[in-house]
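The values are calculated or read from the model by the stated rules, or taken from the named source; none is laboratory data. The structure presented is a predicted model; accordingly, all values stated were derived computationally and were not measured. Methodologically, a virtual Cβ is constructed for each residue, glycine included, from the backbone with ideal geometry; neighbour enumeration extends over all protein chains shown. Side chains included, ligands, DNA and RNA excluded: accessible areas come from the protein's heavy atoms. Shrake-Rupley method; radii C 1.70, N 1.55, O 1.52, S 1.80 Å.
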Amino acid sequence: MSAPAMPEKVAGIIPVKFEKFGLRHYLICLKGVVLRECLRFLHQRERFISSLVRPLIWLFIFAAGFRQVLGVSIIPPYKTYVLYEVYITPGLCGMILLFSGMQSSLSMVYDREMGNMRTLLVSPFPRWFLLVSKMLAGVSVSIAQVYAFLIVAWFWGVKAPPIGYLMVLPALFLSGMMLCALGILLSSMIKQLENFAGIMNFVIFPGYFASPALYPLWRIQEASPLLHKICLANPFTYAVELIRFAFYGQIEWLSLGVVAGCTVLFLAAAIIAYDPSRGLVTRKQDTGGNG
C-alpha cells in the first residue's frame, strides 16, 4: 500500500496566487498618479503664476503694440476681420500646453534623480499604463491653466463664441496629450537635471515661433518660403490650428490627424525608451546614478 501524498504546505511549498488586476485597480493607480501631480501643482504657486504671466504678457503688451501693424484678413475659421489679440489667443493656449508638457517631463527627470521614479516603474502595472497616467495627470493640470487664462482674457475683452469654450476642450486634451508625450520622450533622453533647461529651450522656442501661433501661415509664406515649410513640418502648428478651429465649433481634419498621429508616435517612442532593458537600466549604468 503506497504512502499518502504529503501536503504541499508540509513539504514547504506554499503556492502563491496573485490576484488579477481589474478595472478598479487601474482606476486607483490612475487616481494616485493624477492626484500626486495635482497636489504638486497646488504646492508650487510660482508654477501657476508663471504659466499665466507668459501668455498674458503677449496678450496685454505685444498684442496691443502689434494691433495696428499686423492686420488679420478673413481666413478660416474667422468670418470677419479679427483683432490681433483674438487671433493669437489659440496660440497662447498652445503655449500653456507646451510649457506644461515640458514641466511634466521636468518632474520625470527630477523623480528619476531622487529615486521616486523607480517606485513607480517597478509596480506591477504595465509600463504603457503608467506613462499614459502620467500624461493624463499633466494634461489635467495644463487644461486647468488654459481655462484660467481664458477667464482673464474674457475680462480683457477677448471672447470666443460661448459654445467654443466647451468645443475647445477635446482639442486642448488631444494637443496636451501630444505635447506631454513629447515631453516624456525627451525626459528619457536627458541624463541630468542640469541639462533639461537647454533641451527644453531648444524644443519650446523653435516649436512655438515656427508656427501660426503669432502670425498666419500665408503671411509667413510671403515673408519666407523656407520658414513656411518648417512651420508645415512642425507638429505644434497643427495643435494651434486644431485649437483655433475648435473655438468656433469646427474641426480641422488635417490638424486632427496630425496631432493624433504624433501623439501615438511620441507615446510609442516613450514607452520603448522607458523599457527597462533599453532606457533607465542602461542610463543608470552609464551615469552611475540611482535611477
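Considering VAL203, VAL146, VAL168, VAL152, the condition of being within 20 Å of VAL258 (Cα to Cα), in a helix (DSSP H, G or I) and modelled with pLDDT of 90 or more is satisfied by VAL168 alone. Scanning segment 206-224 for residues that are over 16 Å from ALA63 (Cβ atoms), assigned to a helix (DSSP H, G or I) and of a type outside the set (Val, Ile, Thr) returns PRO206, GLY207, LEU217, TRP218, GLN221, GLU222, ALA223. For segment 245-256, the criterion of being under 18 Å from VAL139 (Cα atoms) and at pLDDT 90 or above is satisfied by at least one residue. Name every residue in segment 63-86 that is assigned to a helix (DSSP H, G or I) and either open to solvent by 80 Å² or more (accessible area, probe 1.4 Å) or at pLDDT below 75 (or both), in order of residue number. Scanning segment 63-86 gives ALA64, GLY65, PHE66. Look at segment 150-162: where a residue is over 15 Å from TYR84 (Cα atoms) and a partner is aromatic (Phe, Trp, Tyr) and surrounded by 14 or more Cβ atoms within 10 Å (Cβ to Cβ), sitting 6+ places away or on another chain with Cβ atoms under 8 Å, you get LEU150/TYR165; PRO161/PHE247; PRO161/TYR248. Exactly one residue out of ALA260, ALA268, ALA239 is surrounded by fewer than 17 Cβ atoms within 10 Å (Cβ to Cβ) and at pLDDT 95 or above, and it is ALA260. Quick one: count up the residues across segment 209-236 that are polar (S, T, N, Q) and either over 19 Å from the mean Cα position of the chain (by Cα) or under 22 Å from LYS79 (Cβ atoms) (or both). Summing the residues that are polar (S, T, N, Q) and either over 19 Å from the mean Cα position of the chain (by Cα) or under 22 Å from LYS79 (Cβ atoms) (or both) in segment 209-236 gives 2. For segment 184-197, the set of residues classified as at pLDDT 70 or above, open to solvent by less than 50 Å² (accessible area, probe 1.4 Å) and not β-branched (Val, Ile, Thr) consists of LEU185, LEU186, SER187, SER188, listed by residue number. Among the residues making up segment 52-62, those that are open to solvent by 50 Å² or more (accessible area, probe 1.4 Å) and not charged (D, E, K, R) are VAL53, ILE57, PHE60, ILE61, PHE62. A single entry from PRO161, PRO126, PRO170 fulfils the requirement of being more than 16 Å from LEU92 (Cα to Cα), touching a Gly at 6+ places or on another chain (Cβ under 8 Å) and not charged (D, E, K, R): PRO161.
Restricting attention to segment 228-279, the residues that are out of contact with any helix residue (DSSP H, G or I) (no Cβ under 9 Å at 6 or more places or on another chain) and either assigned to a loop (DSSP other than H, G, I, E, B) or of a type in the set (Ser, Thr, Tyr) (or both) add up to 2.
A search for C-beta distances below 8 Å between a residue of segment 129-143 that is surrounded by fewer than 21 Cβ atoms within 10 Å (Cβ to Cβ) and any residue that is of a type in the set (Asp, Glu), counting only pairs 6+ apart in sequence or on different chains, returns SER140/GLU37.
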